[in-house]
1. Could you please report the charge total around A57, scoring K, R as +1 and D, E as -1 over all other residues with beta-carbon less than 12 angstrom from its beta-carbon?
2. Longer than 24 Å from Cα to Cα, which of K34/K169; K85/K152; K169/K200; K54/K152 are they? Say none if no pair is.
3. Probe 1.4 Å, all protein chains in place: accessible area of W14 in Å², nearest 10?
4. Under the Karplus relation 6.51 cos²θ - 1.76 cosθ + 1.60, θ = phi - 60°, what is the ordered set of whole-Hz ³J(HN,Hα) values for the stretch 32-44, x standing for Gly and Pro?
5. Per residue of the stretch 73-84, in order, report the coupling 6.51 cos²θ - 1.76 cosθ + 1.60 (Karplus, θ = phi - 60°) as ³J(HN,Hα) in whole Hz, putting x for Gly and Pro.
6. Return the percentage of antiparallel bridges among DSSP beta bridges fully within the chain, rounded to the nearest 5 %.
7. Along the three principal axes, how long is the stretch 121-179 when you take its alpha carbons, biggest first, rounded to the nearest angstrom?
8. Using modelled backbone amide H atoms (1.01 Å from N, in-plane), which distant-in-sequence or interchain residues come within less than 5 Å of G79's amide H?
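The values are calculated or read from the model by the stated rules, or taken from the named source; none is laboratory data. Quick caveat, the model's predicted, so the values are computed rather than measured. Note: ideal-geometry Cβ built from the backbone for every residue, glycine included; neighbour counts use all protein chains shown. Note: accessible area is taken over every heavy atom of the protein model, side chains too, but ligands, DNA and RNA are not part of it. Shrake-Rupley method; radii C 1.70, N 1.55, O 1.52, S 1.80 Å.
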Amino acid sequence: MSENPAIVLVHGFWGGAAHWAKVILELNTRGFTKVFAVENPLTSLADDAERTRKMVAQINGPVVLVGHSYGGKVITQMGDMPNVKSLVYIAAFAPDAGESAGAISQANPPAAFGNIAPDSDGFLWIAQDAFGDSFAQDLPADETLVMAVTQKAPLGGAFGDTVTAPAWKAKPSWYQISSNDRMIHPDNQRMMSGRMNARKVITLDASHASLASRPVEVTDLIVEAAGA
């Protein structure tokens, strides 16, 4: 039996690598011993793509790239590396060339768009008292409180940075839609997953934080991409 490929997990806005905690544990129980969760600065698409690229370049053998939310934009930008086997999008942005996450969202705003505001330094925050209802309404309040307090605010410019050559045009892709997502409109997820001609698209009745609220199903999709 061939060894499982490495899994590289790429977080999105308003959370770091620890947002993948339950998926990491689930992958481990299924025998995936080479799992990495990149910690991106969320300062620009170029910075985040380069940080993720450097991690992938350190890995010998095939890699499955998994992006949540804005992390999907990161893997779209840098995912056409020779050792990348496949891409998995978890309630994620998958822009085409010349597109940004910001433009996609502004064209079809999600329910919680109004709960995001910049600070005086240009970092975007979700109001703490609205975090659970905006990002993770299907998680317990104690979990969303920790998420709200530890949220990793991105620089607003990263939202507007455009993709150059989308990796989903070159690599086999999988996509999970969250039908109750208040951070990326579900219709936008359906649009992006549809045009990428994904190998498989699943829909979960989940919030934006499906990686935390539905880790078993999310891991199922990652494992399927790893074995394809």
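1. Values: positive: R51, R53, K54; negative: E50.
Around A57, the surrounding residues sum to +2.
2. Numbers: K34/K169 26 Å; K85/K152 29 Å; K169/K200 15 Å; K54/K152 21 Å.
Checking Cα-Cα distances, K34/K169; K85/K152 exceed 24 Å.
3. 10 Å²
4. 8, 9, 9, 10, 10, 10, 5, 10, 8, x, 6, 9, 6
5. These are the phi-based 3J(HN,Hα) values: 5, 5, 5, 5, 6, 10, x, 8, 8, x, 8, 7 Hz.
6. Numbers: 5 of 29 bridges.
Rounded to the nearest five, the antiparallel share is 15 percent.
7. Sorted from largest, the Cα extents of the stretch 121-179 read 41, 31, 16 Å.
8. Here A167 satisfy the definition.
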